[in-house]
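Participant: Mind looking over this structure? Questions follow.
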Amino acid sequence: MHARGAGADPTGMRSAADRGCPPVDRSRTRTLLLPVLAALAAAAAAPGAHGSQIVARNAEDVRLHVDGAGRAVVEYVVEGRPRVVVASDAIDALPPASGRPQVRFTLDYSGRSAQSRRRLLGAFANGCRRYDGPALVWLVAACNAPDGSYWALQRWQRLQPMRGIDPWLPRHRAVELHLSHWSGPLPLLEVSPNWTYGGAWQALFGRLTYRGAPVHRPAHLPRGRGNPYIRYFYIDTYNSAYGPGWKRDAAKATHVPNGAFCYSFVPQQPPPGYPTRQFRGPGHGERHRVTVMGPGVTPIVQWEGRGLGPFNPAVDELFNTVFDRFLSGDPVCTRER
């Protein structure tokens, strides 16, 4: 059996199996289990997420300044060289049904010289106030802006190889610096474990919503990575057959129109272009986590929970009630129930 999922692999490498169809975080995540499941097979939520926009890679000495006019200045150092970027013109996110381009920051990197940086920072009225918003995974800096909105910077090593393979290209090791700007609630990431294929395999399923609406690409737009509405669920496994610590197992795009995903931890062949094509896995571990960028310029959110034990049909039926609520009629995930 092979896991099924939808959407392009954001690394640009997909296997035949896929073509079939940090700190504790208290952001908007939810483990979808009835209370009785907690003692049986709970995937405990970490009371805890392209949303946030990438402004730099491998940045050090990061500082965040914001004003009351919807602008932020990010100071950072890359390879010993000071840099400054000014971000503006974006907050929150648009729903897929809006028919409009998704919101994105206007980024200005013109402050490259020491003189231009001093001039820019000297003219910027920094109104960064003590952050009192929701806790965020991998947080670097955050501010309350004078207008009541929030800004945040998060670090994420996003483009890791799949199937638990160690990084071998520079982009696999790159640590991205993500900037977000939002007001109101965060995106809600809901995840549940389950067993699939008659209890043979452990699995995960879930969905991403924002202000009550599923997050996905508009149905009339292509699946390609250039689509600004597309979001990926990055699935990691801890202390698994891949080795100790956290390893990347897969990345799945949000489905149209439910904003959901499903994934079974089964033996799979790494995609073409990987150092090995030998089947690996199953990759289920002691713990699992799912990380996703919120829509628009909302923050990264994340779910984390325990792996399941031996198959329990009664508990799996409870998982299935949630599965049906999220994925009923989803042609990609029918066999993953």
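The values are calculated or read from the model by the stated rules, or taken from the named source; none is laboratory data. In this text the structure is predicted, and so the values were computed from the model without any measurement. Neighbour counts are summed over all protein chains in view; Cβ atoms, including those assigned to glycine, are modelled from backbone coordinates with ideal geometry.
Participant: Do any strands (runs of 3 or more DSSP E) lying entirely in the range 160-213 carry at least 2 residues that are more than 23 Å from R57 (Cα to Cα), and which ones are they?
Facilitator: By residue number, 188-196, 201-210.
Participant: While we're on this one: What strands (runs of 3 or more DSSP E) completely inside the range 248-337 contain at least 1 residues that are aliphatic (A, V, I, L, M) and modelled with pLDDT under 95?
Facilitator: none
Participant: (1) on the phi > 0 side of the Ramachandran plot; (2) touching a Pro at 6+ places or on another chain (Cβ under 7 Å): which one isn't true of G148, the others all being true?
Facilitator: All conditions pass for G148, except number (2).
Participant: Okay, moving on. Mind listing whichever residues of the range 257-302 are surrounded by fewer than 21 Cβ atoms within 10 Å (Cβ to Cβ) and under 30 Å from S149 (Cβ atoms)?
Facilitator: Answer for the range 257-302, where residues must be surrounded by fewer than 21 Cβ atoms within 10 Å (Cβ to Cβ) and under 30 Å from S149 (Cβ atoms): P257, N258.
Participant: Checking Y238 against (1) buried (at least 21 other Cβ atoms within 10 Å of the Cβ); (2) under 30 Å from A135 (Cβ atoms); (3) at pLDDT 95 or above; (4) of a type outside the set (D, E), only one condition comes out false. Which one?
Facilitator: Status for Y238: all satisfied but (1).
Participant: Given (1) more than 15 Å from the chain's Cα centre (by Cα); (2) not assigned by TED's automatic domain parsing to the domain that holds I300, where does A213 come up short, assuming only one miss?
Facilitator: Checking A213 against (1) more than 15 Å from the chain's Cα centre (by Cα); (2) not assigned by TED's automatic domain parsing to the domain that holds I300, the one that fails is (2).
Participant: Is it true that some residue in the range 43-61 is over 22 Å from the mean Cα position of the chain (by Cα) and either modelled with pLDDT under 95 or among the small types (G, A, S) (or both)?
Facilitator: For the range 43-61, residues over 22 Å from the mean Cα position of the chain (by Cα) and either modelled with pLDDT under 95 or among the small types (G, A, S) (or both): absent.
Participant: To continue, here is another question. Restricting the first residue to the range 107-129 and requiring it to be surrounded by fewer than 14 Cβ atoms within 10 Å (Cβ to Cβ), which pairs with a second residue that is part of a strand (DSSP E or B) and polar (S, T, N, Q) meet a Cβ separation below 6 Å and a spacing of at least six or different chains?
Facilitator: R129/N144
Participant: Can you name every residue in the range 54-77 that is over 19 Å from G122 (Cβ atoms) and either outside the structural domain of L177 (by TED's automatic domain parsing) or of a type in the set (A, V, I, L, M, F, W, C) (or both)?
Facilitator: I54, V55, A56, A59, V62, V77 - these are the residues of the range 54-77 that are over 19 Å from G122 (Cβ atoms) and either outside the structural domain of L177 (by TED's automatic domain parsing) or of a type in the set (A, V, I, L, M, F, W, C) (or both).
Participant: Given T196, T237, which one is closer than 18 Å to G285 by Cα, under 17 Å from the mean Cα position of the chain (by Cα) and among the polar types (S, T, N, Q)?
Facilitator: After ruling out the rest, the residue left standing is T237.
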